[in-house]
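One structure below.
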Amino acid sequence: MSTRVLLAEDHAIVRAGLKALLEKEGLSVVGEAADGREALQLAQKLCPDVAVLDLAMPMLNGIDAAVEIQKSVPKVRTV
């Protein structure tokens, strides 16, 4: 079973590139978010193993999103 990853990045082209790299390494990207609030909602819904978060995102930055994800879904690791 591969590691399930939530990817949050506000630039679509960067997000697509990161997804391709992660999947090439055998990880499974189970969700993609364009802002911090969407990342939080998807983390709660999908409960991935890891959330990879951009630091500078609209609505909720990556650091604040990581804090909220850890509060609501503590088993998700954030990067």
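Taken over the stretch 34-72, the criterion of being farther than 24 Å from L21 by Cβ and either in contact with a helix residue (DSSP H, G or I) (Cβ under 9 Å, 6 or more places away or on another chain) or crowded, with 19+ Cβ neighbours inside 10 Å (or both) is satisfied by R37, Q44, M59, L60, D64, E68, S72.
Taken as a whole, the condition of being farther than 13 Å from G62 by Cα and over 9 Å from the mean Cα position of the chain (by Cα) does not apply to A34. If you go through the stretch 1-50 and keep only what is under 22 Å from Q70 (Cα atoms) and in a loop (DSSP other than H, G, I, E, B), you end up with S2, T3, E9, D10, L27, A34, D35, C47, P48, D49. Taken over the stretch 51-79, residues that are within 26 Å of M1 (Cα to Cα) and part of a loop (DSSP other than H, G, I, E, B) amount to 6.
None of the figures in this text is laboratory data; all of them are computed from the coordinates on show. If you're wondering where the values come from, they're calculated on a predicted model, not measured in any experiment. Neighbour counts run over all protein chains shown; Cβ positions are idealised from the backbone, glycine included.
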